[in-house]
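Asker: So that we are looking at the same thing, I have put the structure below in structure tokens.
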Amino acid sequence: MQKFYRTAIYSYIYPSKDDESGEDKPNEQCAVPTISYADGQLTFASSTPNAEYHYTITDSDIASDAYCHDGIVKLYAAYNISAYATADGYKASDKAIATLYWIEANLQNNTTNINQTATRGIIATSNDGIVTLSGLNNSEIVRFYTVDGKQIGTAKAINGTASQAVSESIVIAKIGNQTIKIAVK
């Protein structure tokens, strides 16, 4: 008995071409996107032309039919966000990871005589030892500390963003009277 094997030919799959020379070039990886937050919107951006974004948002506060024996539930008020970029002719980027924290807005308007709690979102990211916070007010001061309370540095927000180079694996960012713990990678 003789066996025959089919060979599939995919004529529609071909390597991308270099725009100027017309030569084949290997597929490059998309640039890792940045994740920022302002005016109630998340923004993803990549330096790769025509990049599109794929994202996941999780929140450890979400629960359904959860049990609590003492009636106290600690809320973290944070969304964990990951995103990667894709584009024609490019491999998918590595994932960018950020956390959107909800902190007190520090509003000064007390004209209603009603106790109100307003919040605002702050995105915290870290990459290659640089911690970046976005969603800040312009000129807002952020102080960075080690876990044991030593100040590492201070950054002033420009266009709603402040960054600090750090060598620690965990840092504390203090914005006004609010603090955020950030794992650095």
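Asker: Hey, does segment 37-47 have a residue that's modelled with pLDDT of 90 or more, surrounded by 11 or more Cβ atoms within 10 Å (Cβ to Cβ) and in a loop (DSSP other than H, G, I, E, B)?
Answerer: yes
Asker: Still on this structure: Considering only segment 66-96, state which residues are among the aromatic types (Phe, Trp, Tyr), without any contact (Cβ under 8 Å) to a residue 40 or more places away in the chain and under 23 Å from residue 185 (Cα atoms).
Answerer: Of segment 66-96, the ones among the aromatic types (Phe, Trp, Tyr) are 67, 76, 79, 84, 90.
Filter once more, keeping what is without any contact (Cβ under 8 Å) to a residue 40 or more places away in the chain: 67, 76, 79.
Scanning segment 66-96 gives 76, 79.
Asker: Conditions: (1) modelled with pLDDT under 95; (2) not in a strand (DSSP E or B). Residue 181 meets all but one. Number of the miss?
Answerer: All conditions are met except number (2).
Asker: When you scan segment 54-71, do you find a residue that is surrounded by 14 or more Cβ atoms within 10 Å (Cβ to Cβ), within 12 Å of the chain's Cα centre (by Cα) and not in a loop (DSSP other than H, G, I, E, B), even just one?
Answerer: yes
Asker: For residue 77, state whether it is at pLDDT 95 or above and surrounded by 10 or more Cβ atoms within 10 Å (Cβ to Cβ).
Answerer: Details: at pLDDT 95 or above: no; surrounded by 10 or more Cβ atoms within 10 Å (Cβ to Cβ): yes.
For residue 77, the condition - at pLDDT 95 or above and surrounded by 10 or more Cβ atoms within 10 Å (Cβ to Cβ) - is not met.
Asker: Only one of (1) touching a residue at least 24 places away in the same chain (Cβ under 8 Å); (2) under 19 Å from the mean Cα position of the chain (by Cα); (3) surrounded by fewer than 19 Cβ atoms within 10 Å (Cβ to Cβ) is not met by residue 137, so which one is it?
Answerer: (1)
Let's see how each residue does on (1) more than 19 Å from the chain's Cα centre (by Cα); (2) under 24 Å from residue 57 (Cβ atoms); (3) at pLDDT below 95; (4) not in a strand (DSSP E or B):
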{"position": "93", "(1), (2), (3), (4)": "no, yes, no, yes"}
{"position": "100", "(1), (2), (3), (4)": "no, yes, yes, no"}
{"position": "109", "(1), (2), (3), (4)": "yes, no, yes, yes"}
{"position": "112", "(1), (2), (3), (4)": "yes, no, yes, yes"}
{"position": "123", "(1), (2), (3), (4)": "no, yes, yes, no"}
{"position": "126", "(1), (2), (3), (4)": "no, yes, yes, no"}
{"position": "144", "(1), (2), (3), (4)": "no, no, no, no"}
{"position": "164", "(1), (2), (3), (4)": "no, no, no, no"}
{"position": "171", "(1), (2), (3), (4)": "no, yes, no, no"}
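The values are calculated or read from the model by the stated rules, or taken from the named source; none is laboratory data. The shown structure was predicted, so the numbers you read here are calculated from the model rather than taken from an experiment. So basically every Cβ, Gly included, is an ideal-geometry build from the backbone, and we count neighbours across all protein chains shown.
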